[in-house]
1. Just the residues that are touching a strand residue (DSSP E or B) at 6+ places or on another chain (Cβ under 7 Å), within 18 Å of residue 18 (Cβ to Cβ) and not in a strand (DSSP E or B), please, taken from the range 53-87.
2. Does the range 80-90 include one or more residues that are crowded, with 18+ Cβ neighbours inside 10 Å, over 19 Å from residue 191 (Cα atoms) and at pLDDT 95 or above?
3. Could you list all residues from the range 176-201 that are in a loop (DSSP other than H, G, I, E, B) and either without any contact (Cβ under 8 Å) to a residue 40 or more places away in the chain or on the phi > 0 side of the Ramachandran plot (or both)?
4. Restricted to the range 241-259, and to residues that are in a helix (DSSP H, G or I) and in contact (Cβ under 8 Å) with a residue 12 or more places away in the chain, which residue is surrounded by the fewest Cβ atoms within 10 Å (Cβ to Cβ)?
5. Under 8 Å by Cβ, and 6 or more places apart or on different chains, what pairs join a residue from the range 48-63 that is more than 25 Å from residue 205 (Cα to Cα) with one that is modelled with pLDDT of 95 or more and in a helix (DSSP H, G or I)?
6. Which members of the range 206-228 meet the condition of being surrounded by 14 or more Cβ atoms within 10 Å (Cβ to Cβ), out of contact with any helix residue (DSSP H, G or I) (no Cβ under 8 Å at 6 or more places or on another chain) and part of a loop (DSSP other than H, G, I, E, B)?
7. Over 19 Å from residue 63 (Cβ atoms) and at pLDDT 95 or above: does that describe residue 156?
8. Check 141, 94 and return the single one that is surrounded by 18 or more Cβ atoms within 10 Å (Cβ to Cβ) and either in contact with a helix residue (DSSP H, G or I) (Cβ under 7 Å, 6 or more places away or on another chain) or modelled with pLDDT of 95 or more (or both).
């Protein structure tokens, strides 16, 4: 099983390059970065994690810039989004960003995507929260067309373009994996149709994980990889997830200055 971290890289915590280097030196396999383009001052949507939205949500770097910095100082570390708010991103630009990251990293990019929870944030990007799941589907499909076709085109309800040239193409064949977040009643429909793996948050709809993983793989007809977010740093939880068939677990890494972050990473390495 692979071990990684998920975190928010901000302007007041450890930088992406020293973080990437520290992770690889300690044997971690992956770095997943969250994103928020902005946080509206007039907050309406409840944060799923509690009452008060933490400071780091307001201060995140662009994930692709930060991941490129981490990739430049590492050789093996998977550089991934966890999650990219694809309903707030232009698919043609996104396809180029991820393909560029995949080439810069030598084929180590992973695109973790979701529809997001902050409705006022997505509205500022012109996205209607009521149709965001349909929009998510079309943007993923369009990005895959742009990655894999010399003359790519897409005609959907929300995404519509005639044949275009879009380069660079990714290193990975056929393309970087697209992992879908969520654990709702229709999540597996999306993962099976247009995803390359499942990426739920531990403890949010994952209470029957062994059966859920088995059901997903049976429906897909292949062994789709499963990555778990926010895994508690406990040996018994790790053993439980390994027995359930998970492929990768991600520890939450608090956003903190470099010295504090390195001490936290040293403690986490004792678990694997």
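The values are calculated or read from the model by the stated rules, or taken from the named source; none is laboratory data. None of these values were measured; they are calculated from a predicted model. Note that we place each Cβ from the backbone using ideal geometry, even for glycine, and neighbour counts take in every protein chain shown.
1. 56, 59, 61, 63, 66, 67, 70, 71, 77
2. Of the residues in the range 80-90, the ones crowded, with 18+ Cβ neighbours inside 10 Å are 80-89.
Now restrict to residues that are over 19 Å from residue 191 (Cα atoms): 88-89.
Then drop every residue that is not at pLDDT 95 or above, which leaves 88-89.
Yes, the range 80-90 contains a residue that is crowded, with 18+ Cβ neighbours inside 10 Å, over 19 Å from residue 191 (Cα atoms) and at pLDDT 95 or above.
3. The first filter runs over the range 176-201 and keeps only residues in a loop (DSSP other than H, G, I, E, B), leaving 176-177, 182-186, 195-196, 200.
Listed by number, the residues that qualify are 182, 183, 184, 185, 196, 200.
4. Applying the first criterion (in a helix (DSSP H, G or I)) to the range 241-259 yields 241-244, 258-259.
Next, only the ones that are in contact (Cβ under 8 Å) with a residue 12 or more places away in the chain stay: 241-244, 258.
Details: 241: 22, 242: 12, 243: 10, 244: 17, 258: 13.
Filtering first and then ranking leaves 243.
5. 61/16
6. 225 - this is the single residue of the range 206-228 that is surrounded by 14 or more Cβ atoms within 10 Å (Cβ to Cβ), out of contact with any helix residue (DSSP H, G or I) (no Cβ under 8 Å at 6 or more places or on another chain) and part of a loop (DSSP other than H, G, I, E, B).
7. On the way: over 19 Å from residue 63 (Cβ atoms): yes; at pLDDT 95 or above: yes.
Spelling it out, residue 156 is indeed over 19 Å from residue 63 (Cβ atoms) and at pLDDT 95 or above.
8. On the way: 141 fails: surrounded by 18 or more Cβ atoms within 10 Å (Cβ to Cβ).
Matching residue, one of 141, 94: 94.
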